[in-house]
Structures are given as C-alpha cells and as structure tokens.
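Engineer: Handing you this structure, nothing more for now.
Since every read-out is calculated from the coordinates, none of them should be taken as a lab result. For clarity, every value in this text was computed on a predicted model and none was experimentally measured. With ideal geometry, Cβ positions are generated from the backbone for all residues, glycine too; neighbour counts draw on all protein chains shown.
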Amino acid sequence: MAVVIETTIGDFTVDLYTEERPQTTRNFLKLCKLKYYNWNLFHSVQTNFIAQTGDPTGTGKGGKSIYGIVLGEEARYYEAEQMPKIKHSRVGLLSMVNCGNNMLGSQFFITLGSELQSLDNEHCVFGEITEGLEVILKFNETICDGDQRPYQDIRISHTVILEDPFEDPVGFVVPDRSPEPTKEALMSDRIGADEAIDDTGGMTTEEIMEMQKNKEAKARATILEIVGDIPDADIAPPENVLFVCKLNPVTNDDDLEIIFSRFGKIVGCEVIRDHQTGDSLQYAFIEFADRKSCEDAYFKMDNVLIDDRRIHVDFSQSVAKMRWRGKGKGIRYFDEDDKPKKREDNYSSSRKPDVSHNKDHDNDKSKEEGKKRRMIKRGSEHRKHERRREDRDIRDRRKEDRLCDDHHERNKYDNERKDKRRREERRDRDRSNQRRGHSEDRSERRNKREENNDRKRDHSEERLERRSRRDDDRERRRRDNERKRLDDDDDTRHRDRSYRHKRKR
C-alpha cells in the first residue's frame, strides 16, 4: 500500500507495512484520507537524525489519532504495535512518535540517518520511502535555530492515497475536497514556505557585484585555509610588498633594489631562486618601509623595461611569511632570526630623530652618537657586501658545478655513442663474415653440384656411346647375316641349277 506525500520542497512515495503494522498503517491512511496532514509543519529537523511532523498546531504537542477524531477525546491515542521488531536502520523510514507509555497519535518522523539505535524499541516504524529519497536528503541542508526548527517553513501540502485496503471506521466522513489552510496554521514568525529569499533586495547593481566578489573571495580564502596554503581565511596580505614578475634571469637583487629605491626606503628585496641550481625563477618580492612608497612604485613601474624585459608589477598576495595571532592581536613574521631585528632597525632608522632645541645640548654626545651610527651603517654595508660576495661565490661554484656536470654528461653521452657505434660495427662485421661464410658454402655446394652434373653428363655420354656401338655391332651382324643368307641362297640356287643340269645331261 502506498501514499504520495507532497511537500513544499518536493514529493516522495511511501510504502506502508500493512502486514507488520496493520493498526498503525490504518490510522495513517485514514488521517491522510481525512486530509489531516495537509499544511502540517515540519516543526523539528535534526540533521542526519529525524524530521518530525504530523502536528496541526506546529508545536510538537498536538495531534490525535483517527480514533480520537471519530470516537472522541478519550480515544485520542492508541497503543503501539511492538511485534515484529523493526529497527531504524536506514534513511527514509517513517515512524510514529511515542507520546508516552507506548501510545501513538498522529505525529510521525522520517529518519535522515542510518543505524539510529537510540530510536529502536521506543518508536513504531510503519513504512519506508521508495521514491523521492533525494527530497528527504534536502532536510539535512536545512538551516535551523537552537530549537531545531527551520528558519524557512517546510510543510506537507497534500497527501494522495494510491491504495487503501482498510474499511473506514464508523462515523468517518470523507471530505469533498482538500481543505484550505487556515490563518492560524500558516501564521509563523519564520520565512514562508513559498517565500523566495532575496539577499539583494534594495541593493544597487554595484553593491550586488561587490557582495558577490566578497563572497567569492571569502570562499577562495576558506579553501586555501583548508588545504593549508594560508594560516587563516581572514588574514590579509601586507600592503607594503610588491610582487614583480617577468624578470630577465640575469637581473639580481641589487639591480632591483637600486631601481626601486627611488620611490622610498626598501626593507627587503629578494629574487626567488631555485633551491638546487640557484637559477632565477624570474619573479621577486620588494618590501618597502611604508605603504605610500609601495603604491608609487606600483603605479609607475608596471610594464617598465628592465634588462630587455617588460616587467609586471602587482601588490603581493603572499602571506607565507606571516602568521595570524587572532582578531585584535595582529600578525607575527616567522622569517630568519634577524628579520624582526632588521625590520625594527629599518623602522627606527626611517623615523626622524627628535631634535632638541635646548641651548645646553651636548655637542660631543651628538657627535659620538653620529659616529656610532656611521660605524653601524658602515658595518651593515660591509656585511651586506660580504653577503653579496658570498652569494656571488655560491652562484659561481654552482655554475662551475653545472659546467662540470654538463661536461661529464657530454663525455658520458659521447662514450655511449662510441660504444654504440663500436657495437654496430662489430655486428655489421659479424654479419658480413656470416654472409661471406654463407657465400663460400653456397659456392662449394654449387661446385659439387656442377661436378656431379659433369659426372652425370660423362656417364650419359658413355652410355650413349656404348649404346651407339652396340647398335652398330647389331647392324653389322644383321648385315653380315643378311649377306650370308643371300650368299647361301645363291649357293643353293647354283647347286640346284647345276644339279638340274646334271640330271638333264
């Protein structure tokens, strides 16, 4: 037996356990037939747990069974069926709410999660959703308050019974048509079920675009925080650092510092290089002492030609050297150990010293302080030059190592080519020897074959000669025999003639 339940967020079909739960399914079917559930509110939605409805008052304290409607208030509830036991084991099961002492009314809930053991043996499962389960999963996306009530109302708009095997109880009257929702049923301080939520109401186009950009930026920042690229989504990049790209590989830190120092004091200038080879990656970060100098450099240095390359300048979006301490606590740099000291020294040196106009000012003390400052400055410049020389030596050593590696690789490649050529020559030589051996064998076999042919030819000639001699002998004997026979015939005739002559005489 099936019932289609239409809600404000979609429709789904329910198959009822009429054999396992006949009394509960009869109560549910008759309430649906009476249109009792029309415009009922889902007054409690707990993500991945349950979505509860079936109370016309929308408070979770009302509702009564079909027996209470037909027989009166005394039969408001009825006793639940306990056998056979059906567990709340999957999403999309319908179960009647236990109103106490194992008594049931009209309220029911839909399970939004699986393996809900806490509901077993307490509430009565009487059906399952077979179609439209994706609608049920929308309940998990509903935004609710602290009392688990959705901010936007979700209601049952209509129920359609596909088949009803039970007879109507005595005194049951089927309504002619679906009842209209009452004002009391629809009165709510929440967003209406059919009310469209528009966050851009009363805003201009520019404000809407700005809001969308802020949302997209916030979403991107949250994703970067999740993957670990930034320490916090609310952190902002420094406003006094420029990002310079499309540099020539020969451009170094000193060149950029000299070029950009005309806009203001530079705290740090670094061309990013490969950790292994030391080659320039063709982009750099320049940190100014104040924001104004950084902005001036941004507006005037973009697309400027440096070392035959048109560079691109933009404000840095990197927060790799910053750590957010929290709202109101500022940020902390975690660079080299001397970086904070260097930043403090630069900041203190960028400020103008207080000038005292006291006539009794100690000139010797000011001279001594000036001498100390010059010595400190000279020492810092010396350290800077030493560091540059060390960097240059490191780059030279790396270049020599690369040249040695290239030479080694080239020699290795040449040796491999020579070995390959030798192997090919040896293979060709072996093949030629093999072919020569084969040709000699073929010539020897040909000579033997020719000798055999000559021998056979000689034998055949000898046979022919013997045959011809035999034929000649045979012909000669035949002629001799013929001549002898003729002679014998002549002799015989002569004798006969002489004999006849003698007799005649």
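Engineer: Cα extents of the range 61-119 along the three principal axes, largest first, in whole Å?
Structural biologist: 37, 21, 16
Engineer: Of Asn481, Ser468, Ser498, which is farthest on the positive side of the dipole of the range 454-505, counting Cα position, with +1 on Lys and Arg Cβ, -1 on Asp and Glu Cβ, and the Cα centre as origin?
Structural biologist: Farthest along the dipole direction, towards plus: Ser498.
Engineer: For the range 241-258, in order, what is each residue's ³J(HN,Hα) by Karplus, 6.51 cos²θ - 1.76 cosθ + 1.60 with θ = phi - 60°, in whole Hz (x at glycine and Pro)?
Structural biologist: 10, 9, 10, 10, 10, 6, 7, 6, x, 7, 6, 10, 4, 4, 4, 5, 5, 5
Engineer: Work out how much length Arg493 to Met209 would gain on full extension: take 0.36 nm times their residue separation and subtract the Cα-Cα distance, in nm to one decimal.
Structural biologist: Going from the current span to full extension adds 86.5 nm.
Engineer: Can you sort Val173, Val304 by how many other beta carbons sit within 10 Å, fewest first?
Structural biologist: Working: Val173 9, Val304 13.
By the 10 Å Cβ count, ascending, the order reads Val173, Val304.
Engineer: A further question on this structure: Between the alpha-carbon centers of the range 5-38 and the range 261-292, tell me the distance in whole angstrom.
Structural biologist: 71
Engineer: With 10 angstrom as the radius, rank Ser261, Ser293, Ser439 by how many other C-beta atoms surround their C-beta, starting from the fewest. Let's see the in-between values first.
Structural biologist: Working: Ser261 15, Ser293 20, Ser439 10.
In order of increasing Cβ crowding within 10 Å: Ser439, Ser261, Ser293.
Engineer: Going by Cα centres, the range 439-466 and the range 386-404 are how many Å apart?
Structural biologist: Value for the Cα centre distance between the two parts: 84 Å.
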